[in-house]
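A.B. asks: One structure, as structure tokens, below. Some questions next.
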């Protein structure tokens, strides 16, 4: 059995997939790995790309069949791929990113250290920073955390992770205990990385590494939202000049957070503390209550975003 499974869900990624696989094959210093991949009914050349790499890698790559060629969506595809993994440690990989040299050994050392301290039965997530690049791998931001105004001090605080997780899936390694507890991701789950972080924050351990281990490619087909503005001055300017745009962005974000919070509460209500369960239920109701009640819920349950400017906008626009 390989020491590490690398979970790669793919969808319309033919333009970038070779870059990812070459960065795994040529730039990593850990050899005992296997790629587990599934294409989500792509309309470009992605299936041919996967088949070509399967011929080259042989037993080091497994392509999942089944599901009758249906499109499962980003989370559904991740769910299928993670469910097919068998190794004790699993790395998540988005098909449009590029791994920097040493990523695997760095995160593996941190994972081994965490399990040595907390035990292999404890769910663990290890995650890192990333360099943000454009479609052609040209620099956009040196640090994803600074670019997204992540609050790393709250990275393992459950109720903060519910609304503003600082991790992106392609920087993450998880252990079997986390996968067994987190899967299946079904129903209202909208983000596999935030779901994994919620499981680890509530029931296990989160390990943050300051290293930038990937080139995180931003392009027109990304599912995740970009930061509203890069500086506090820009945020204030946009709030004053285009409040409708800011509100639409916040409404979309709450529309993702609230159902997922409700799904997590329903799934794990018997395991959660009373305060965490109350915070989840408050987050799940953000769509159905008025503005004053929304603000009170945020304050009472400390459902804050990662930075002061974002929270100022939150209080103004809720």
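The values are calculated or read from the model by the stated rules, or taken from the named source; none is laboratory data. Predicted, not measured: the structure shown is a model, and the values here were computed from it. So basically every Cβ, Gly included, is an ideal-geometry build from the backbone, and we count neighbours across all protein chains shown.
A.B. asks: Kindly provide the set of residues from segment 186-211 that are in a loop (DSSP other than H, G, I, E, B) and closer than 20 Å to residue 88 by Cβ, ordered by number. Step through it out loud before you land on a result.
C.D. replies: Step one: filter segment 186-211 for residues in a loop (DSSP other than H, G, I, E, B), giving 186-191, 204.
204, the sole residue that qualifies.
A.B. asks: Against the definition (within 22 Å of residue 190 (Cα to Cα) and assigned to a loop (DSSP other than H, G, I, E, B)), how does residue 15 come out, yes or no?
C.D. replies: On the way: within 22 Å of residue 190 (Cα to Cα): no; assigned to a loop (DSSP other than H, G, I, E, B): yes.
In short, no.
A.B. asks: Determine if segment 149-162 includes at least one residue that is in contact (Cβ under 8 Å) with a residue 12 or more places away in the chain, assigned by TED's automatic domain parsing to the domain that holds residue 111 and within 17 Å of residue 7 (Cα to Cα).
C.D. replies: Pass one, segment 149-162, residues in contact (Cβ under 8 Å) with a residue 12 or more places away in the chain: 149-152, 154-162.
From what is left, the residues that are assigned by TED's automatic domain parsing to the domain that holds residue 111 are 149-152, 154-162.
Retained after the next criterion (residues that are within 17 Å of residue 7 (Cα to Cα)): none.
No, every residue in segment 149-162 fails to be in contact (Cβ under 8 Å) with a residue 12 or more places away in the chain, assigned by TED's automatic domain parsing to the domain that holds residue 111 and within 17 Å of residue 7 (Cα to Cα).
A.B. asks: Which one of the conditions (1) over 15 Å from residue 253 (Cα atoms); (2) over 25 Å from the mean Cα position of the chain (by Cα); (3) touching a residue at least 12 places away in the same chain (Cβ under 8 Å) does residue 317 fail to meet, given that it meets all the rest?
C.D. replies: Failed condition: (1).
A.B. asks: Only helices (runs of 4 or more DSSP H) wholly contained in segment 212-318 count here; list those with 3 or more residues that are modelled with pLDDT of 75 or more, outside the structural domain of residue 150 (by TED's automatic domain parsing) and over 30 Å from residue 10 (Cα atoms). Before the answer, list the steps.
C.D. replies: Details: elements: 232-241, 243-268, 274-284, 291-301, 308-317.
Where helices (runs of 4 or more DSSP H) fall fully within segment 212-318 and carry at least 3 residues being modelled with pLDDT of 75 or more, outside the structural domain of residue 150 (by TED's automatic domain parsing) and over 30 Å from residue 10 (Cα atoms), they are 274-284, 291-301, 308-317.
A.B. asks: Hey, another quick one. Test each condition in (1) over 30 Å from residue 202 (Cα atoms); (2) surrounded by fewer than 17 Cβ atoms within 10 Å (Cβ to Cβ); (3) over 20 Å from the mean Cα position of the chain (by Cα) for residue 62 and report the one that comes out false.
C.D. replies: (2)
A.B. asks: Select the strands (runs of 3 or more DSSP E) contained entirely in segment 89-179, then report the ones holding at least 1 residues which are closer than 30 Å to residue 273 by Cβ.
C.D. replies: Details: elements: 89-92, 124-133, 139-141, 173-175.
Passing ranges, in order: 89-92, 124-133, 173-175.
A.B. asks: Something else about it: For segment 31-43, which residues satisfy the criterion of being surrounded by 12 or more Cβ atoms within 10 Å (Cβ to Cβ) and farther than 22 Å from residue 4 by Cβ?
C.D. replies: If the condition is that a residue be surrounded by 12 or more Cβ atoms within 10 Å (Cβ to Cβ) and farther than 22 Å from residue 4 by Cβ, then 40, 41, 42 are the ones that fit.
A.B. asks: Let me ask another. For segment 44-59, check the following and say yes or no: at least one residue is touching a residue at least 24 places away in the same chain (Cβ under 8 Å), surrounded by 16 or more Cβ atoms within 10 Å (Cβ to Cβ), assigned by TED's automatic domain parsing to the domain that holds residue 171 and part of a loop (DSSP other than H, G, I, E, B).
C.D. replies: Within segment 44-59, not a single residue is touching a residue at least 24 places away in the same chain (Cβ under 8 Å), surrounded by 16 or more Cβ atoms within 10 Å (Cβ to Cβ), assigned by TED's automatic domain parsing to the domain that holds residue 171 and part of a loop (DSSP other than H, G, I, E, B).
A.B. asks: Right, something else. Looking at the structure I just gave you, is residue 182 touching a residue at least 24 places away in the same chain (Cβ under 8 Å), in contact with a strand residue (DSSP E or B) (Cβ under 6 Å, 6 or more places away or on another chain), surrounded by 21 or more Cβ atoms within 10 Å (Cβ to Cβ) and in the same structural domain as residue 152 (by TED's automatic domain parsing)?
C.D. replies: Values: touching a residue at least 24 places away in the same chain (Cβ under 8 Å): yes; in contact with a strand residue (DSSP E or B) (Cβ under 6 Å, 6 or more places away or on another chain): no; surrounded by 21 or more Cβ atoms within 10 Å (Cβ to Cβ): yes; in the same structural domain as residue 152 (by TED's automatic domain parsing): yes.
No: the conditions fail for residue 182.
A.B. asks: Let me ask something else. Looking at (1) out of contact with any strand residue (DSSP E or B) (no Cβ under 6 Å at 6 or more places or on another chain); (2) surrounded by 13 or more Cβ atoms within 10 Å (Cβ to Cβ); (3) without any contact (Cβ under 8 Å) to a residue 60 or more places away in the chain, which is the one condition that is false for residue 28?
C.D. replies: (3)
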